[in-house]
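The values are calculated or read from the model by the stated rules, or taken from the named source; none is laboratory data. Keep in mind it's a predicted model, so treat the numbers as computed, not measured. Positions of Cβ are generated from backbone atoms using ideal geometry, with glycine treated the same way; all protein chains shown enter the neighbour counts. Just the protein is used for accessible areas: all its heavy atoms, side chains included, with ligands, DNA and RNA removed. Shrake-Rupley method; radii C 1.70, N 1.55, O 1.52, S 1.80 Å.
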Amino acid sequence: MAKEINTIGVLTSGGDAPGMNAAIRAVVRTALAAGKKVKGIRRGYSGLLEEDIFDMDAKSVADIIQRGGTILYTARCAEFRTEEGQKKGAEICKKHGIDGIVVIGGDGSFQGARKLAALGINTIALPGTIDLDIACTDYTIGFDTAVNTAMEAIDKVRDTSTSHERCSIIEVMGRNAGYIALWCGIANGAEDILITERYDHNENRIINNIIEKRKIGKKHHIIINAEGIGDSYAMAKRIEAATGMETRATIIGHIQRGGSPTCKDRVYASAMGAKAVDLLCAGATNRVVGYRKGEFVDYDIEEALNMKKDIDQYLFDISKKLSR
């Protein structure tokens with residue numbers, strides 16, 4: 001028999017992502033519409049262990065759908081990686097009457113959600129990460145906004161790079177995932193795209209590419225560099241020394257995490273938040289909501305964590321052709 005859920009908790013964990021507020025809003029209002037109580041948990045699992053928990057109503061999430069970041073704040077929590085911390089978290093949920101919880105975050109947050117589910121707290125996870133690196137879903141909350149923010153910034157760097165006839169190395173986020181770099185590389189017409197999944201560490205190839213393009217009259221050169229590749233400033237010095245072309249590195253940084261979410265991030269995050277509540281009301285637990293082939297779906301968290309995601313090979317192949 002499905003466990004009846006009366007009070008739903010919601011938290012955001014790990015890196016923030018535009019659209020998290022839309023998801024929080026959807027969780028709260030969908031739960032209230034179903035006759036459930038809602039409790040917000042500030043600062044992720046750290047806040048849970050500190051019992052930073054408060055009642056939420058419809059007004060709690062008024063005027064937030066257009067805001068970046070997360071009104072619940074976020075943090076990483078080493079203590080929650082321990083068995084003692086996980087048991088403490090489950091007991092605190094029970095103490096506050098939380099029998100179902102929605103966790104919004106990345107794969108590290110999913111690990112914590114899985115542990116809570118095993119300890120008797122019905123748990124649904126939502127993929128909130130700008131990196132698009134969750135294997136069970138074609139969409140993650142925040143990616144669309146982040147990639148558009150990066151694209152617009154790169155357009156501006158290209159303007160000044162063209163004016164000064166420079167080579168510009170532009171570093172975007174993506175320590176272990178090159179999706180922002182790949183998408184921006186195509187969208188911004190970059191001459192070289194360096195992503196962790198495919199980088200061969202052959203810097204001479206990049207240098208030769210710059211030299212060959214200068215021979216045919218190319219006045220500037222754009223390299224999009226995923227942060228996991230390494231030190232963009234040191235690379236700029238080496239490339240300038242080897243090519244004689246003035247080379248500058250620009251790290252876009254955390255502006256990619258902020259800003260008002262795009263329409264897609266608002267709508268898809270809202271749909272995911274609503275689906276999480278629907279799943280909890282149906283008695284589901286240990287599930288992660290995803291978006292696959294045009295539909296909002298759900299997977300067992302264990303299954304989702306075991307999935308592997310690679311870069312889209314077709315997009316990577318065409319990026320090579322388009323940069324010629």
- List the residues whose amide H sits under 5 Å from the amide H of I8, counting only those 5 or more places along or on another chain, with H placed 1.01 Å from N in the peptide plane. K37, V38, K39
- Message: Please give the charge dipole size of the chain, origin at the Cα centre, charges +1 on K and R Cβ atoms and -1 on D and E Cβ atoms. Round to the nearest 20 debye.
- Response: 380
- Message: At 7 Å along Cα-to-Cβ for each site, give me the label-to-label distance between K3 and A234 in nm.
- Response: 4.9
- Using Cα-only point scatterers and the Debye equation, what is log10 of I(q)/I(0) for the stretch 136-282 at each q in 0.19 Å⁻¹, rounded to two decimals? -1.08
- Query: Please state the relative contact order of the stretch 186-324 as a whole percent: Cα pairs under 8 Å, 6+ residues apart?
  - Reply: 24
- Task: Give me the percent of the accessible area of the chain that comes from carbon and sulfur atoms, probe 1.4 Å, all protein chains in place.
- Result: 48
- Note on the structure: Expected unfolding gain across D55-A282 under the 0.36 nm per residue rule, minus the alpha-carbon gap, is 79.5 nm
- Set K36/K59; K36/K87; K3/K39; K36/K264, cut-off 20 Å on Cα-Cα distance; pairs above it are K36/K87; K36/K264
- Query: Considering only DSSP states other than H, G, I, E and B, which trypsin sites (Lys or Arg not before Pro) in the stretch 230-306 qualify as loop sites with at most 14 other Cβ atoms within 10 Å?
  - Reply: K293
- Query: Mind checking which lysines have their C-alpha under 18 Å from K320, skipping anything on the same chain fewer than 8 residues away?
  - Reply: K213, K218
- Query: When Lys and Arg each count +1 and Asp and Glu each count -1, what net charge do the other residues less than 11 Å away from C281, Cβ to Cβ, add up to?
  - Reply: +1
- Query: Where a ≥ b ≥ c are the square roots of the eigenvalues of the C-alpha gyration tensor, would you call the stretch 159-223 rounded, which needs a/c under 1.5, or, failing that, prolate if a/b is larger than b/c, or oblate?
  - Reply: oblate
- Task: Springs between alpha-carbon atoms under 10 Å, Gaussian network over the chain: tell me which of G228, G259, G244 tops the mean-square fluctuations.
- Result: G244
- Comparing M245, M151, M20, which has the greatest mean-square fluctuation in the GNM of the chain with Cα pairs linked when under 10 Å apart? M245
- Task: Between beta-carbons, use under 14 Å as the cut-off and find the net charge around G40, counting Lys and Arg +1, Asp and Glu -1.
- Result: +3
- Item | Charge tally in the Cβ shell below 10 Å around A304, where Lys, Arg are +1 and Asp, Glu are -1, A304 excluded | -3
- Message: What whole-number distance in Å separates the alpha-carbon centres of the stretch 169-240 and the stretch 89-117?
- Response: 40
- Task: Kindly work out what percent of the DSSP beta bridges joining two residues of the chain are antiparallel, to the nearest 5.
- Result: 25
- Using a 10 angstrom cutoff on alpha carbons, build the Gaussian network for the chain and name the most mobile of N122, N148, N225. N148
- Using only the Cα atoms of the stretch 41-143, build the gyration tensor, take square roots of its eigenvalues as a ≥ b ≥ c, and label the shape rounded, prolate or oblate: rounded if a/c is under 1.5, else prolate if a/b is larger than b/c, else oblate. oblate
- Average accessible surface area per residue within the chain, 1.4 Å rolling probe, Å²: 44
- Pop out the ³J(HN,Hα) list for the stretch 145-160 in order, Karplus 6.51 cos²θ - 1.76 cosθ + 1.60 with θ = phi - 60°, rounded to Hz; leave Gly and Pro as x. 5, 4, 6, 6, 4, 5, 4, 5, 5, 5, 4, 5, 5, 4, 4, 6
- Query: So what is the relative contact order for the chain, in percent, with contacts set as C-alpha pairs under 8 Å and at least six apart?
  - Reply: 24
